[in-house]
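K.L.:
Sharing a structure, written as structure tokens. Questions coming.
The values are calculated or read from the model by the stated rules, or taken from the named source; none is laboratory data. Bear in mind that the values here come from a model prediction, so they are computed numbers and not experimental data. Counting neighbours? That spans all protein chains shown, and the Cβs are built from the backbone with ideal geometry, glycine included. Remember, those area values only see protein heavy atoms, side chains included, never the ligands or the DNA or RNA. Shrake-Rupley method; radii C 1.70, N 1.55, O 1.52, S 1.80 Å.
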Amino acid sequence: MDIFIQTLVTGLLIGGLYVAISMGFALSFGVLDVVDLAIGMWVVLGAYAAVVGQQAFGIEPLLMLPVVFVFFGFVGWLIGPFIYRVRTSNYALPALMALAFTFGIETAIRGGLLATFGYTPKSVQADLLQGVWHVMGISIPIVRVAGFVFALVLAAALLIFLYFTRLGLAIRAMAQNKDSAGLMGVNVKRMSTLVYALYVGVTSMAGVLVGAVYSTTPQVGLRYTLFAFFVVVLAGMGSVMGVLVSGLILGILQAFVTVYVGANYTLMTVFLVLFLILLLLPNGLARRTA
Amino acid sequence: MTLNQSAGWRGLGVVSKVAVIILAVICVSLPFWAGPYWIRIGTGIIMWAGLALSWNVICGYAGYISFGHVAFFGIGAYSTAILMQPEYNWNFFATLPVGAVIAGGLAAIVGWPVLKLRGAYFAIGTWALGEAIREFATVVPFTGGSYGLSLPPNTSSAFFYFTMLAATALAYLICYVLLERSRFGYRVKAVRDSEIAARMQGINADRVKIQAFVLSAIIPAVLGGINAYWITFINPDSVLNTIFTDQMVVMVLLGGLGTLWGPALGAAVLYFLSQQFSALFGSSTWYLVFIGILVMAVVLVLPNGLVSLLPGARKRGVLNQVIGGVVGGIHQTKPSAGAATPKEARHDSP
């Protein structure tokens, strides 16, 4: 029974990380309607930025969070217009070409990281978050709690931003109908760029925490991309609350598969569940009303 | 708004006909006059042309991006490798259909739910499938895990050249007949261009899409089997590596999405470039950066691929008219050089 509860808690805490990774993508997908294959690479980039900041300049990883957000937000702000251009182009299959474009981003980043840092796993040593809490026979690493709290804060901030600011209103309008939003005076191109920048910044920030919990190589980026897809598909594309729930579900699923079946089977199980969800609930948990 | 630019043999200009004949003669006679290095390069280009073609079937013709195509390649490779182990000792050619059937069956099972949904889900699902198959091959006992399997060696490079050539040529023939010269091809393209309109015409869109996916899964399985025998040693890293899918995507985009000859052109150019790249810089991970930037550049500036630069493509009507005027003198009378046959022209008109 102890193992069961321990697994559940571990799963919930990991799930928080998955929520943090997927939140930005859910937003960007809802607004830009582009499936980004580079999600995992932004996560890995965030983790590597923290590692570099720590090893080269001795900066505490937690203090790197805003730096990472601003820096990668800027990178996203530079890339955003290209994605917007491809997505709204008059190519035969614009959605597909946009997907291929992000695939190019992913491959280029993965290659660049592999060429620079090699295949050796790196991990972020967060000194402030060392240690383990013991509560009633269950051990809880503080760093995972931090990831979980970060996810909750992120979700809250995102909800406040979307529902209580004028920018958020514009973004929600765009998610519903770009043309109408444009007619109402929303600068669709600028807002799309902003959303992409926000997504890249947030995801890289989540990457810092992922790097503190797990060791990271450029090769694992793919894994996080798949997990983010899983979460967003399960949530129903474009739903923030759905992301919260399904991220936690994924974490718990992974924890139980790891403990009771074996860590080698995680991806296979995730794929199988994803497959079943697509079969049974093609619209995800939360039906999007638009 | 259609991607199709392929016309039939009769629709080709004189220059193109001569070029095609010269190319065919070079392809068939290469092992008799070229050195081992060039036979190797040739075998590689032919294999990649076939792989890119298979990816183009599901993406360019059916409009679904598959990011797990390496799974079918790996299934073919492992089927051949396992059945050629001493305890089974099958004939090499008998193993190829087995891989094709397994890959086709898997494509049908996976495609059935996923192809009903939007393209993005399909991309995700196939990507996960590729990873899952790789994990599967690493975990189960009969694949040799991450150590892999050895096959009985065959040192005749001409044998592999001709086997690969035969398989790819057959694949091209089948795809040409099915996609450019049959009702099936029109159905696939109709579903791609507008699924609702296609359904209105009484096309069973779900079935057409699954058929296209199965077709595009069988080709890499056969090529994967030949490749396994060619390289005589396989493991998950060598035949289930995502770089295979990466390269298929790049080759098709580079050559021209949804065209019959684009993949072959893209495969030849990129394979040659990659060989030059590794000769210049060694086998380095910078190659991934190069590929990634190439994809982005092609999407941004050359969305119709290299094919659109060739004479005969509609994009370069002026260039084509100059060449046609010099050679044939009657090209200007044709309304559009790319859509030469009446059937195609009717299909292309909005």
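K.L.:
Where in segment A:255-270 does accessible area fall by at least 50 Å² between the isolated chain and the complete protein assembly, at a 1.4 Å probe radius?
P.N.:
A:Leu267, A:Met268
K.L.:
Taking 7 Å along the Cα-to-C-beta vector as the label spot, tell me the A:Ile5-A:Val135 distance in nanometres, rounded to one decimal.
P.N.:
Roughly 1.1 nm, to one decimal.
K.L.:
Follow-up question, since we're still on this one. Can you pull out the GluC sites (Glu not before Pro) in segment B:49-157 that DSSP calls coil and that have at most 15 other Cβ atoms within 10 Å? Walk me through the numbers before you get to the answer.
P.N.:
Working: sites: B:Glu87, B:Glu131, B:Glu135; in loops: B:Glu87.
For GluC sites (Glu not before Pro) across segment B:49-157 that sit outside H, G, I, E and B with at most 15 neighbouring Cβ atoms in 10 Å, the list reads B:Glu87.
K.L.:
Okay, next question. Per residue Cα convex hull volume for segment A:114-200, in cubic angstrom? List each step's numbers first, then the result.
P.N.:
Working: hull volume 15.9 nm³, N = 87.
Taking only Cα atoms, segment A:114-200 has a hull volume of 183 Å³ per residue.
K.L.:
Follow-up. For segment A:2-280, what is the Kirkwood estimate of the hydrodynamic radius, computed as the reciprocal of the mean inverse distance between distinct Cα atoms, to one decimal in Å?
P.N.:
19.1
K.L.:
Any chance you could look up the accessible area of B:Tyr37 with a 1.4 Å probe, heavy atoms only, rounded to 10 Å²?
P.N.:
Approximately 120 Å² of B:Tyr37 is accessible to the 1.4 Å probe.
K.L.:
Return the whole-Å distance between the Cα centroid of segment A:111-160 and the Cα centroid of segment A:15-62.
P.N.:
Going from one Cα centre to the other spans 12 Å.
K.L.:
Here's a follow-up. Compute accessible area for segment B:131-163 by itself and then with all protein chains, 1.4 Å probe, and report residues whose area falls by 20 Å² or more.
P.N.:
B:Glu131, B:Ala132, B:Glu135, B:Phe136, B:Val139
K.L.:
Charges at C-beta only: +1 for Lys and Arg, -1 for Asp and Glu. How large is the resulting dipole of the protein assembly as shown about its Cα centre, in Debye rounded to 20?
P.N.:
Dipole about the Cα centre, nearest 20: 1880 debye.
K.L.:
Evaluate the Kirkwood expression for the hydrodynamic radius of segment B:50-206, namely the inverse of the mean inverse distance over all pairs of different C-alpha atoms, and round to one decimal in Å.
P.N.:
17.5 Å is the Kirkwood radius here.
K.L.:
Let me ask something additional. In deg cm²/dmol, rounded to 500, what helix-only [θ] at 222 nm does chain A give when every DSSP H run of at least 4 residues adds -39500 (n - 2.57) and the total is split over its residues?
P.N.:
Helices in chain A give a 222 nm mean residue ellipticity of -26000 deg cm²/dmol.
K.L.:
Starting from the Kirkwood Rh over alpha-carbon pairs, what translational D in µm² s⁻¹ does segment B:36-331 have by Stokes-Einstein at 20 °C and 1.002 mPa s?
P.N.:
In µm²/s, the coefficient rounds to 108.
K.L.:
In whole Å and largest first, what semi-axes does the C-alpha gyration tensor of segment A:1-111 yield when each eigenvalue is scaled by 5 and square-rooted?
P.N.:
30, 21, 12
K.L.:
Tell me which of A:Leu152, A:Ile109, A:Ala263 sits at the most positive position along the dipole axis of segment A:2-280, charges placed on C-beta atoms (Lys, Arg +1; Asp, Glu -1).
P.N.:
Of A:Leu152, A:Ile109, A:Ala263, it is A:Ile109.
K.L.:
Chains A and B: what accessible area do they bury, summed, in square angstrom to the nearest 100, with a 1.4 Å probe?
P.N.:
Its buried surface, counting both partners, is about 4100 Å².
K.L.:
Let a ≥ b ≥ c be the square roots of the eigenvalues of the Cα gyration tensor of segment A:64-170; is it rounded (a/c under 1.5), or, if not, prolate (a/b larger than b/c) or oblate?
P.N.:
The shape class here is oblate.
K.L.:
Probe 1.4 Å, all protein chains in place: accessible area of B:Arg181 in Å², nearest 10?
P.N.:
Result for B:Arg181: roughly 80 Å² accessible.
K.L.:
Still on this structure: Convert 4 °C to kelvin, take the viscosity as 1.567 mPa s, use the Kirkwood radius over C-alpha pairs of segment B:246-306 as Rh, and evaluate the Stokes-Einstein diffusion coefficient in µm²/s, rounded to a whole number. All intermediate terms of the calculation are to be shown ahead of the outcome.
P.N.:
Numbers: Rh = 11.5 Å.
Diffusion coefficient, whole number: 113 µm²/s.
K.L.:
Continuing with the same structure: Averaged over peptide B:293-301, how many Cβ atoms belonging to another chain are found within 10 Å of each residue's Cβ? Before the final figure, lay out each step's value.
P.N.:
On the way: counts 6, 3, 9, 11, 2, 4, 15, 7, 0.
The shielding value for this peptide is 6.
K.L.:
Still on this structure, I have one more. Cα atoms only: what Rg and Dmax, in Å, come out for segment A:58-118?
P.N.:
15.3, 50
K.L.:
Non-local amide H neighbours of B:Leu260 (under 5 Å, H modeled in plane, Pro and chain starts lacking H): which ones?
P.N.:
Here the answer is B:Gln5, B:Ser6, since their amide H atoms fall under 5 Å of that of B:Leu260.
K.L.:
Rounded to whole Å, give me the distance from the Cα center of segment B:61-115 to that of segment B:208-278.
P.N.:
Value for the Cα centre distance between the two parts: 14 Å.
K.L.:
I would also like to ask the following. Per residue and in cubic angstrom, what volume does the convex hull of the Cα atoms of segment B:175-317 have?
P.N.:
151
K.L.:
Oh, and also: Can you tell me which aspartates and glutamates have their Cα less than 14 Å from the Cα of A:Lys189? Leave out same-chain residues fewer than eight positions away.
P.N.:
Cross-link targets: A:Asp33, A:Asp179.
K.L.:
Follow-up question, since we're still on this one. Could you sort out which of A:Lys178/B:Lys116; B:Lys17/B:Lys189; B:Lys17/B:Lys209 sit more than 30 Å apart by Cα distance in this structure?
P.N.:
B:Lys17/B:Lys209
K.L.:
Using a probe radius of 1.4 Å on heavy atoms only, what accessible surface per residue do you get for segment B:36-331? Whole Å² is fine.
P.N.:
39
K.L.:
With every protein chain present, what is the per residue accessible area of segment A:1-149 (1.4 Å probe, Å²)? If you can, show how the numbers build up before the last one.
P.N.:
Values: 5910 Å² over 149 residues.
Ligands and nucleic acids excluded, the figure is 40 Å² per residue.
K.L.:
Calculate, in nm to one decimal, what B:Gln276 and B:Ile21 gain on full extension: separation in residues at 0.36 nm each, minus their alpha carbon distance.
P.N.:
Details: separation 255, 0.36 × 255 = 91.80 nm, distance 2.70 nm.
Working it through step by step, the gained length comes to 89.1 nm.
K.L.:
Turning to a different aspect of this structure: Quick one: ranking A:Phe227, B:Phe32 by accessible area, 1.4 Å probe, largest first, what do you get? Show your work: numbers first, answer last.
P.N.:
Details: A:Phe227 5, B:Phe32 160 Å².
Solvent-accessible surface, decreasing: B:Phe32, A:Phe227.
K.L.:
Quick one: what are the phi-derived ³J(HN,Hα) couplings along segment A:150-161, Karplus 6.51/-1.76/1.60 with θ = phi - 60°, whole Hz, x for glycine and proline?
P.N.:
After applying 6.51 cos²θ - 1.76 cosθ + 1.60, I find 4, 4, 5, 4, 4, 4, 4, 4, 5, 5, 4, 4 Hz.
K.L.:
Restricting to Cα atoms and excluding each atom paired with itself, what does the Kirkwood estimate give for the protein assembly as shown in Å? Working shown, then result.
P.N.:
Values: mean 1/r = 0.0386 Å⁻¹.
Roughly 25.9 Å, rounded to one decimal.
K.L.:
Considering every residue in A:110-121, what mean count of other chain Cβ atoms within 10 Å of its Cβ is obtained? Mind showing how you got there, number by number?
P.N.:
On the way: counts 7, 11, 6, 3, 6, 6, 2, 1, 1, 1, 0, 0.
Neighbouring Cβ atoms belonging to other protein chains average 4 per residue here.
K.L.:
Counting only protein heavy atoms, what percent of the accessible surface of segment B:36-331 is carbon or sulfur at a 1.4 Å probe?
P.N.:
Solvent-exposed carbon and sulfur of segment B:36-331 make up 68 percent of the total.
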